[in-house]
1. Output wanted: per-residue J couplings in Hz (rounded whole) for the range 99-106, from phi through Karplus 6.51 cos²θ - 1.76 cosθ + 1.60, θ = phi - 60°, x for Gly and Pro.
2. Give a quick list of GluC sites (Glu not before Pro) in the range 70-105 that DSSP marks as loop, anything other than H, G, I, E or B, with at most 16 other Cβ atoms within 10 Å.
3. Determine, for F69, F87, the number of other Cβ atoms within 10 Å of each Cβ, and report the residues in order from fewest to most.
4. Listing V98, V13 from the residue with the fewest other Cβ atoms within 10 Å to the one with the most, what is the order?
5. Among M63, M25, which comes first, second and so on when ranked by fewest other beta-carbon atoms within 10 Å?
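Every read-out reported here was derived from the displayed coordinates using simple, explicitly stated rules and does not represent laboratory data. The shown structure was predicted, so the numbers you read here are calculated from the model rather than taken from an experiment. Cβ sites come from the backbone with ideal geometry, for glycine too, and all protein chains shown count toward neighbours.
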Amino acid sequence: MLICLFACQKRPVKIPEKVLNQNEMTSLLTDLHLAQSALSSIPLSDTIANPHDTIHSPKSYSMDDYILFILKQHDIDTATFKRSIKFYGERPELLEEVYDSVITNLNRLQSETEK
């Protein structure tokens, strides 16, 4: 019985040096999902820039633009981002923990904006 108790416990996973830790990944993914939500809420007609009207047409930003901006804000290079996505993608239990935190963050932010 005692053997099962120790064998069934989760062992902490060592995060490699050039991979974001769970808190960093949570913060980054929270911001990325906020950006994705903002981008998806812009009507399509507002995202299509008229090249002849530089005063009235908003610039069209892609999700790639948002990703690069957010990575810069978090001081993360694209190689670290890709390594981290790969690392967590290969460890679904860790990715689930990260996304549980992301969802908690997003729910908290939503409730704060509804006040």
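1. 5, 4, 5, 4, 4, 4, 4, 5
2. E90
3. F69, F87
4. Starting with the residue having the fewest Cβ neighbours, the order is V13, V98.
5. Numbers: M63 12, M25 25.
In order of increasing Cβ crowding within 10 Å: M63, M25.
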